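The values are calculated or read from the model by the stated rules, or taken from the named source; none is laboratory data. From a predicted model like this one, the values you see are computed outputs, not experimental measurements. Positions of Cβ are generated from backbone atoms using ideal geometry, with glycine treated the same way; all protein chains shown enter the neighbour counts.
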Amino acid sequence: MRLLHLPGLLASLIWLQAAAPIVSARTTRTSTISDTVSQVKVQVNKAFLDSRTRLKTAMTSETPTTRQLSEYLKHAKGRSRTAIRMGQVWEESLKRLRPQGPLTNVTGSSLDLASLSAEVGCDAPTPAVSCDTNSPYRTITGDCNNRRNPALGAANRALARWLPAEYEDGFSLPFGWTPGKTRNGFPVPLAREVSNKIISYLSEEGVLDQNRSLLFMQWGQIVDHDLDFAPDTEMGSSNFSKAQCDEYCIQGDNCFPIMFPPTDPKVKTQGKCMPFFRAGFVCPTPPYQPVARQQINALTSFLDASLVYGPEPSLANRLRNLSSPLGLMAVNQEVSDDGLPHLPFVTTQPSPCEFINTTAGVPCFLAGDSRASEQILLATSHTLLLREHNRLAQELKRLNPQWDGEKLYQEARKILGAFVQIITFRDYLPIVLGGEMQQWIPPYQGYNESVDPRISNVFTFAFRFGHLEVPSTIFRLDENYQPWGPEPELPLHTLFFNTWRMVKDGYNSWRGFCGLSQPQTLEELSAVLKNEMLAKKLLGLYGTPDNIDIWVGTVAEPLVESGRVGPLLACLLGLQFQRIRDGDRFWWENAGVFTETQQDSLRKMSFSRLVCDNTHITKVPLNPFQVNSYPQGFVDCSDVEELDLLPWASVES
């Protein structure tokens, strides 16, 4: 029931209420809000504590499951945890207050919602930031990028919505929550059933790319982990635990288990369901319309290498070697790669990652993003970026011996952020978007403070197209690209696969948003997908194209010319990356961020050079995102252009 969308009825209800002094009514309402919030805070705080205790017990039991380890890597910490807790208190309080009367005061303003927000503490979920508008460096949190709206794109805020949220109850429940409830007149299919019938079909059709390298997939994950992260939420009630969701498939609060169809082969090995915890959410912002649930982005919305440096000051400081005057990142003090550093280990003892391979006993890694230990290629990428920061800082110190540690850290961070931007826009996106690149991401025209750079809710699902690029195993190779070690093949899926998340925004709504046709019949859907069999399978599950989940619909579309996505994904990804670029005051090409000579030098950066400078590898492919067969297409590192740091030499040097 959308109570806020019935202004006429609400006005009638207000008019029919018994007359009473306005001050008294407001005082009563304020007291009711305060009492309700106090009760909910006790409940939610206990739920958070119970969840943390349960997770800690599981992580020290020497038998954590893959699911529990994934939960550990993705659970909210620090300011994210605080923001999510407030979001849960706000939502639960609102649910309790809704039956007590209208949510607006007699003038129709959002006075009561504002009071609720203030009582919860939503107005100040993080420490206030004092912006230095003349600083040449980004803040760690992403605040102050936009001078007119300092919080725009900052960490621990709500994801942007390009279309209104679609919930079963118009407020927070996803479609499929209530058994038997239809959507547009058709039953909502089980997520697992869609996966079995559609994703399996696409795999059989050869969706895995044969022309792009595994690094292409991996860079996509690096970009994703630099832009968005919605940690799992906690159970809203201390009476409903994650254990009930995990072990018994009991749906409730923020547990939405993915049920297996009776004939699913996983029923024999995993029981009735795959546990699934909904993403964390935050308080709404003024004017509190709509009040529908808004998911959190725990990261900054900018391509700023935050996965290296972290999105919170406390974590950023933990990641630095503050005892050194060189502006270095902290490195592992126990192991190294023939003199080259590794990521430091987390200090948690025992570390849950040690239980995955008790023989090796390797702890989880500490990085700017908690998911760094999710899978081996991700940890490797984090390691390369860490090494590059320290290499840059040391080279800058050699050029500028008068610079202190803070200056060296910030300049190296600034260059590494530019590296991530350049590789993404110059090398990665053109082979994702193919012939659609210029349409959606035209040449750069400069910073525009009117552009909203926030990551959109739909992007967090659209960018998951990379999951279809993941092979089941990877090869372990030596420096000559030959199979190496006792286990030359390693399983990649064990810690990589994130439970398939289905977003319930309609496929046709998003096609309309992008100016594309909106198929209504089997014939029209077959024409869009250029595959009648696939169209029949989709309509057999969803009943109407309007109900097709956005992620399923986008990956079902035929690829654009020379790209790896269909027309709808090209639109959604292209729009998002254009906004990320144009709404970033610190974008590397924006006038004044770097000098023209520094920009010329930055253009020489490449992933191949990153490998040359930070590993013992001496031969690299010129096009690392394309499939290569050694030695064809490989060159000596001496033939790969280097980043010239001379333009960073200060005049006083």
Any hit, the stretch 177-200, residues being among the small types (Gly, Ala, Ser), under 21 Å from the mean Cα position of the chain (by Cα) and modelled with pLDDT of 90 or more: no
Inter-residue pairs, beta-carbon under 7 Å, first in contact (Cβ under 8 Å) with a residue 40 or more places away in the chain and buried (at least 17 other Cβ atoms within 10 Å of the Cβ) and in the stretch 173-197, second among the basic types (Lys, Arg) and part of a strand (DSSP E or B), 6+ apart: Phe175/Arg183
Single condition Thr263 does not satisfy, out of (1) buried (at least 18 other Cβ atoms within 10 Å of the Cβ); (2) modelled with pLDDT of 80 or more: (1)
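Residue-wise test of (1) among the charged types (D, E, K, R); (2) buried (at least 22 other Cβ atoms within 10 Å of the Cβ); (3) in contact with a Phe, Trp or Tyr (Cβ under 6 Å, 6 or more places away or on another chain).
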{"residue": "Leu386", "(1), (2), (3)": "no, yes, no"}
{"residue": "Asn400", "(1), (2), (3)": "no, no, no"}
{"residue": "Gly405", "(1), (2), (3)": "no, no, no"}
{"residue": "Gln410", "(1), (2), (3)": "no, no, yes"}
{"residue": "Pro430", "(1), (2), (3)": "no, no, no"}
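This table checks each residue for (1) assigned to a helix (DSSP H, G or I); (2) within 30 Å of Phe175 (Cβ to Cβ); (3) at pLDDT 95 or above.
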site: Asp304; (1), (2), (3): no, no, yes
site: Val308; (1), (2), (3): yes, no, yes
site: Pro311; (1), (2), (3): no, no, yes
site: Asn317; (1), (2), (3): yes, no, yes
site: Ser323; (1), (2), (3): no, no, no
site: Gln333; (1), (2), (3): no, no, no
Residue in the stretch 322-340 that is within 25 Å of the chain's Cα centre (by Cα), under 24 Å from Ser70 (Cα atoms) and of a type outside the set (Lys, Arg) present: no
From Gly339, Gly310, Gly327, residue being free of Cβ contacts under 8 Å to residues at least 60 places away in the same chain and on the phi > 0 side of the Ramachandran plot: Gly339
Any chance Thr269 is farther than 26 Å from Leu385 by Cβ, more than 26 Å from the chain's Cα centre (by Cα) and among the β-branched types (Val, Ile, Thr): yes
Close pairs (7 angstrom Cβ cut-off, 6 or more residues apart or separate chains): closer than 17 Å to Phe355 by Cα in the stretch 49-62, among the β-branched types (Val, Ile, Thr) anywhere: none
Lone qualifier among Ala154, Ala165 - being among the aliphatic types (A, V, I, L, M), at pLDDT below 95 and out of contact with any strand residue (DSSP E or B) (no Cβ under 7 Å at 6 or more places or on another chain): Ala165
Residues of the stretch 335-366 classified as among the acidic types (Asp, Glu) and assigned to a loop (DSSP other than H, G, I, E, B), total: 1
Of all residues making up the stretch 556-599, the number that are touching a residue at least 12 places away in the same chain (Cβ under 8 Å) and not in a loop (DSSP other than H, G, I, E, B): 21
Members of the stretch 594-616 found to be surrounded by fewer than 16 Cβ atoms within 10 Å (Cβ to Cβ) and within 19 Å of Leu384 (Cβ to Cβ), listed by number: Lys604, His616
Criterion violated by Asn448 - all others in (1) within 30 Å of Leu643 (Cα to Cα); (2) part of a helix (DSSP H, G or I); (3) touching a helix residue (DSSP H, G or I) at 6+ places or on another chain (Cβ under 6 Å) satisfied: (2)
